[in-house]
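The values are calculated or read from the model by the stated rules, or taken from the named source; none is laboratory data. Given the structure is predicted, the values throughout are model-derived calculations rather than measurements. Using ideal geometry, Cβ is built from the backbone for each residue, glycine included, and neighbour counts are taken over all protein chains shown. Note: accessible area is taken over every heavy atom of the protein model, side chains too, but ligands, DNA and RNA are not part of it. Shrake-Rupley method; radii C 1.70, N 1.55, O 1.52, S 1.80 Å.
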Amino acid sequence: DYAGKYFAEFTFREDGSSRFAVNKQWGFFPAGFVGWRVSEEKFFKNIEALSFINNFKLRGSYGLTGDEDQSTYQFITGYTYPASGSNTGTPGGAVFDGTFVSAVQSKGLANPAITWLTAKMLNIGVDAQAWKGLLGVTVDFFRRDRSGLATTQSLSFHDVVGVGLPQENLNSDR
């Protein structure tokens, strides 16, 4: 805060997650905010037609955030025991000599490149108060663009391979 007119703030965080491969574990997420209280400027106060406005502020912020919840150790290969049955949800396996034997199932192909989902957020706003606080108005424009959403490609391997494709950071949304 400078002179009750100018405002600025900068923040950042660096997060680590064991859900990603060693070279993808850390994400850096900065953000910044600026504001200008125009109503405190001399030129604004000298405009007689605007004397009913007690406070008029312009502000904006932009920042990055990250989310790890889209992936659960997909960079690691391995097996699931007992294997789940194909559409039934029951354990997979086979009957040998009258006894059910649980199967082992591959977790599929690993993806060591999977990483953080990131969101870029922009907020631009105007705050105004008039007639000694009898009327207040706030207007905001907000936009969030996320990228790196995990999904599996629609391509598939032939059944002889025995595994599906891993998830990748392919999707985005607004």
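Dimensions of the stretch 102-174 along the principal axes, based on C-alpha atoms and rounded to the nearest Å, stand at 76, 26, 18, largest first. Think of a 1.4 Å ball rolled over the protein heavy atoms: the chain then has 69 Å² of accessible area per residue. When the Gaussian network model of the chain links Cα atoms closer than 10 Å, the mean-square fluctuations of S84, S154, S106 top out at S154. A Gaussian network model of the chain, with springs between Cα atoms under 10 Å, assigns the largest mean-square fluctuation among T72, T11, T99 to T99.
A simple rule links phi to the HN-Hα coupling: the Karplus curve 6.51 cos²θ - 1.76 cosθ + 1.60 with θ = phi - 60°, which for the stretch 114-131 gives 5, 8, 4, 7, 10, 10, 9, 10, 10, 9, 10, x, 10, 10, 9, 10, 9, 6 Hz, with x for Gly and Pro. Note on the chain: GNM, Cα springs under 10 Å; of T115, T138, T77, the largest mean-square fluctuation is that of T138.
Listed by chain and number, the lysines whose alpha-carbon sits under 24 Å from that of K24, ignoring those within fewer than 8 places in the same chain, are K107, K120. The distance from the alpha carbon centre of the stretch 1-50 to that of the stretch 113-154 is 13 Å, rounded to a whole number.
Counting only protein heavy atoms and a 1.4 Å probe, tell me what percentage of the chain's accessible area is made up of carbon and sulfur.
Answer for the chain is 56 percent, counting heavy atoms of protein chains only.
With charges set only on the Cβ (+1 for Lys and Arg, -1 for Asp and Glu), what does the dipole of the chain come to about its Cα centre, in debye to the nearest 20? Roughly 600 debye for the chain. Cross-link partners for K42 among the lysines, with Cα-Cα distance under 27 Å and sequence neighbours closer than 8 places in the same chain left out: K5, K57, K132.
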